[in-house]
1. Answer yes if at least one residue in the stretch C:40-51 is outside any loop (DSSP other than H, G, I, E, B), crowded, with 21+ Cβ neighbours inside 10 Å, under 19 Å from the mean Cα position of the chain (by Cα) and of a type outside the set (A, V, I, L, M), and no otherwise.
2. Restricting attention to the stretch D:116-163, which residues are within 10 Å of chain A (Cβ to nearest Cβ) and touching an Asp or Glu at 6+ places or on another chain (Cβ under 7 Å)?
3. Taking the stretch B:239-264, which residues are charged (D, E, K, R), at pLDDT 70 or above and not in a helix (DSSP H, G or I)?
4. Does A:I73 satisfy the criteria of being within 23 Å of A:P168 (Cβ to Cβ), in contact with a Phe, Trp or Tyr (Cβ under 7 Å, 6 or more places away or on another chain) and in contact (Cβ under 8 Å) with a residue 60 or more places away in the chain?
5. Within the stretch C:169-217, which residues are of a type in the set (D, E, K, R), out of contact with any Asp or Glu (no Cβ under 8 Å at 6 or more places or on another chain) and part of a helix (DSSP H, G or I)?
6. Testing C:T48 on (1) in contact with a strand residue (DSSP E or B) (Cβ under 8 Å, 6 or more places away or on another chain); (2) closer than 21 Å to C:F113 by Cβ, one condition comes back false. Which one is that?
7. I'd like the full set of residues that are buried (at least 23 other Cβ atoms within 10 Å of the Cβ) and more than 10 Å from chain B (Cβ to nearest Cβ), limited to the stretch A:171-184.
8. Looking at (1) at the interface with another protein chain (Cβ under 8 Å from one of its Cβ atoms); (2) at pLDDT 90 or above, find the lone condition where B:Q268 falls short.
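The values are calculated or read from the model by the stated rules, or taken from the named source; none is laboratory data. On a predicted model such as this, the values are computed, not experimentally measured, just so you know. Cβ placement follows ideal geometry from the backbone for every residue including glycine, while neighbour counts extend to all protein chains displayed.
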Protein chains: 4
Amino acid sequence: MSDRQVRALVWGENIHEQVDPVVQQMYPEGMHTAIAGGIREYLGDAATVRTATFLDPGHGLTQEAVDATDVLIWWSHTTQNDVHPAIVDRLQARVLAGMGLVVLHSGHYSAIFRKLMGTHCTLRWREADDREIIWTVNPSHPIAAGVKHGFVIPRSEMYGEIFDIPVPDELVFISSYSGGEVFRSGCCFRRGKGRVFYFSPGHEHFPIYHQPEIRRIIANAVRWAHQSELFDYDLARIYQSRTGWFEAGSATAPPPPLHRPSPEASEQRQRLRQLIDGAKAQTGL
Amino acid sequence: MSDRQVRALVWGENIHEQVDPVVQQMYPEGMHTAIAGGIREYLGDAATVRTATFLDPGHGLTQEAVDATDVLIWWSHTTQNDVHPAIVDRLQARVLAGMGLVVLHSGHYSAIFRKLMGTHCTLRWREADDREIIWTVNPSHPIAAGVKHGFVIPRSEMYGEIFDIPVPDELVFISSYSGGEVFRSGCCFRRGKGRVFYFSPGHEHFPIYHQPEIRRIIANAVRWAHQSELFDYDLARIYQSRTGWFEAGSATAPPPPLHRPSPEASEQRQRLRQLIDGAKAQTGL
Amino acid sequence: MSDRQVRALVWGENIHEQVDPVVQQMYPEGMHTAIAGGIREYLGDAATVRTATFLDPGHGLTQEAVDATDVLIWWSHTTQNDVHPAIVDRLQARVLAGMGLVVLHSGHYSAIFRKLMGTHCTLRWREADDREIIWTVNPSHPIAAGVKHGFVIPRSEMYGEIFDIPVPDELVFISSYSGGEVFRSGCCFRRGKGRVFYFSPGHEHFPIYHQPEIRRIIANAVRWAHQSELFDYDLARIYQSRTGWFEAGSATAPPPPLHRPSPEASEQRQRLRQLIDGAKAQTGL
Amino acid sequence: MSDRQVRALVWGENIHEQVDPVVQQMYPEGMHTAIAGGIREYLGDAATVRTATFLDPGHGLTQEAVDATDVLIWWSHTTQNDVHPAIVDRLQARVLAGMGLVVLHSGHYSAIFRKLMGTHCTLRWREADDREIIWTVNPSHPIAAGVKHGFVIPRSEMYGEIFDIPVPDELVFISSYSGGEVFRSGCCFRRGKGRVFYFSPGHEHFPIYHQPEIRRIIANAVRWAHQSELFDYDLARIYQSRTGWFEAGSATAPPPPLHRPSPEASEQRQRLRQLIDGAKAQTGL
């Protein structure tokens, strides 16, 4: 039951950093580098932290890279619809198979997060001069460990309710803003064998990923999302199971041979296909 | 606060019914008709119940038909991948906008259910001679009203865990089978402004939709999933919100005009797009 | 499945009203009367609404009165430790047996609420000049029906996190205050066969129970907490159940006779009691 | 963020072991010793495991002993009403302050568990010849790590629904029995700053605590329930908070001096007390 080292991959766009002087000054080595630094700072030897960005070949999200990742930390904004659907499918499959996913800030509207949630993932926003306060509502949650109740982000983009997400499995933080809005700013979800954490702070114009509390929370989240021992079960498959299957072998043994369909069944199947294709032809879509 | 009549639409495939004598004998007018009959039996004047099937033009799921539906009851099996993606998107949008959805039996693997869940929605199954017992674990839930704790379905297809769904917002029923498996057989989910209920019994070879307890539960679910007054908020949109917006007007007022981008911003945007397109060209996908 | 009329009982202290001129002016007939008026206003013929107060004989909470109540609405502040434990037990038993309970404002610290929650039910507070804004985070919940997202209570007592409650089964509202605090202000709990809703607004110095949105929410809550048909199961009992009991009769049939203990068992029981009593004698408590 | 060693205390009754030959043979050194052995086996140096029993002076639950415990593992059956209320209060306070609690088998009916739940905690039971199968429904939960999906306890006491508990914050295991019943056999609860896990297997007549899967689950639960760093907040207190308090100091700073009550207020308070005492005198309780 010893904890294996977590292999974290911080993924950023590295786009604003190329074109916006404010961001360049705030994050001279890119936001992803600052985020990675915070994880290293708090997890030390317990983690190896790599980075990748949209600008890397294959966006740094090749099958190999994803397979070598235990927890993916995700920041996106301008490329929400530009990551190829095949890559989004790859990420979803990997989360359902047990990879942790920490989605930051505007990543709420990324294709991968929306696909895992099944909802719009919309919200309200304002870029003004709001002070954000982050309140802990789940004081025994590991992601809240070591964080002060009611800590302040001096300047922050407002993200307000209604945040169109499924009810989080665990709600850890709620934020308020000077303007009076509130936001469920720290939310845990379990999807398949994977753990997902959404954390809202992180507008690119503010030095938020340099703030100690934020860095600690993200490090906590990486640790929480990591499973050193994955549950031995393949959720991607539908299993046909003989009576008593669980006594004989493992839950993931190959399925018994399918019963050979009778000639009648084969005929039925053919007729069935004809009916389906006939109806499909008439939708005009 | 008076309850408006619920407009229910029972959707079936009507495919097995055309090709399989066992199903024809069990459900001479189609499974959808039996299901609709059960809802009428228990809801009476409180509901108008229509039916539609995969074999109808446009599968009976035109925009008009869907817009005129408060609660959609869904049974599918052989056509899971045959409903056009545009229709699935239409259904998802309508659920998120407040339509109720009651998904039955093999509908767990339909495109619409999987899209709303974000997970594999896989399970284990066996068509044998299992007796199923349905246990209530949420005795104050409206869907359990009037149902006996521990009622028996004499013959049923086994659906076993792990059922790869998000943790239900409310778990109402758990089933056991003669073979020893268990299943979370009655699960509520809230998605957007819509309410979704999954209920597992209903193999086409057994007279399950003629059984009183099953009919009562489906009728209860239709009632629960129906909202006579939808919350006044459009979740499909992202709102940019000025400070104090909520004091002035409604939550769904048109957004303020976007600030006109400066020449620098416009240049940044162009450069940004070039970077994105450049990186996309190199994924080879 | 027709809805029976709900018998609501609004319970108040009627103490501040006797001694504090501010409260007398705000609620000349008592806060309980104002609250009852709001329920009548929105539920009309669907409810009969009575009131009772701490000052009534037996506090108006005799067994008969409680038995005749479907939903109890509770406001308390100065008498949290003055309701007799036997009455608190009576209320708890009735909630677990299916009565709805709507706890308002400082009732968070009442003996009945704390007993049902099992936690401290503490919070932070400030009586100042805070504006409270109530945000809906569960837009398909019946308690949110007809309420504007982001409505304002011009002056309100601040109730802030950490609110030491179990995670609510459903979180409906989150409040923010001018001072920056947040609070889970509308929370649903299921306990036994009963439904419990906590709603925080209601400081006695402000005309909050005259505000339309507040009245609508409390009326919605009464409706939600009411079950016209209680689940047929007695949760107060432990059932010894023979194999196959559920096929023979109802879930609440009398238990089979206990197996007659053998002489050895009887001897064991005696020895066991001696051991227990011996150990108890040594605690010095 | 390094994990501190967990100080586990396994508490048993050690009563059946004194009087029942079947139990003596199965657990010659007591059930508590077997349970402790399983924790040591899987946690090794990560834990120090002590035991205490009802027969020890003060039941081994003095303030000192409890204060020195990070996670308490609890098995009780015959002494549910014999642990002194003051000790039960002590345990509850310690859980709410952050101690982990793992409640086993018939401990579902212990005073401490019922007090934390606020419900009856009743269930159905049968001591017969049932085979129990334990199914995992939360495959990314740390308590399920390393456990086979669908493992068998050859002989087990039946515990069946309805289990009258609040909806668990996390449902990890569901059991089925030969007789057809089901049970939510592994349930997580967060209460105050503490984490509580209930796990149902463990009838004293069967060698269940010698079974590897059971031992692994209990060890997992101890690890999950342990917090090496407790959240810095005292939930036992109600805080009066000045505007801006969170900017100045810590969340647990001493409260500001209470505003000195005016002579009018003092008079009001006196009158108020008279009213309360008058009404109490008339309840006849």
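1. The answer is yes, given that some residue of the stretch C:40-51 is outside any loop (DSSP other than H, G, I, E, B), crowded, with 21+ Cβ neighbours inside 10 Å, under 19 Å from the mean Cα position of the chain (by Cα) and of a type outside the set (A, V, I, L, M).
2. Within the stretch D:116-163, D:W135, D:N138, D:H141, D:A145, D:G146, D:V147, D:K148, D:F151, D:V152 meet the criteria.
3. Here is the first cut: in the stretch B:239-264, the ones charged (D, E, K, R) are B:242, B:247, B:260, B:264.
Checking which are at pLDDT 70 or above leaves us with B:242, B:247, B:264.
Matches in the stretch B:239-264: B:R242 only.
4. Details: within 23 Å of A:P168 (Cβ to Cβ): yes; in contact with a Phe, Trp or Tyr (Cβ under 7 Å, 6 or more places away or on another chain): yes; in contact (Cβ under 8 Å) with a residue 60 or more places away in the chain: yes.
Answer is yes for this residue.
5. Just the residues of the stretch C:169-217 that are of a type in the set (D, E, K, R), to begin with: C:169-170, C:181, C:184, C:190-191, C:193, C:195, C:204, C:213, C:215-216.
Next cut, out of contact with any Asp or Glu (no Cβ under 8 Å at 6 or more places or on another chain) only: C:191, C:193, C:195, C:213, C:216.
C:E213, C:R216, listed by residue number.
6. Result: C:T48 passes all but (2).
7. So in the stretch A:171-184, the residues buried (at least 23 other Cβ atoms within 10 Å of the Cβ) come out as A:172-177, A:180-184.
Hits for the stretch A:171-184 are A:V172, A:F173, A:I174, A:S175, A:S176, A:V182, A:F183, A:R184.
8. All conditions are met except number (2).
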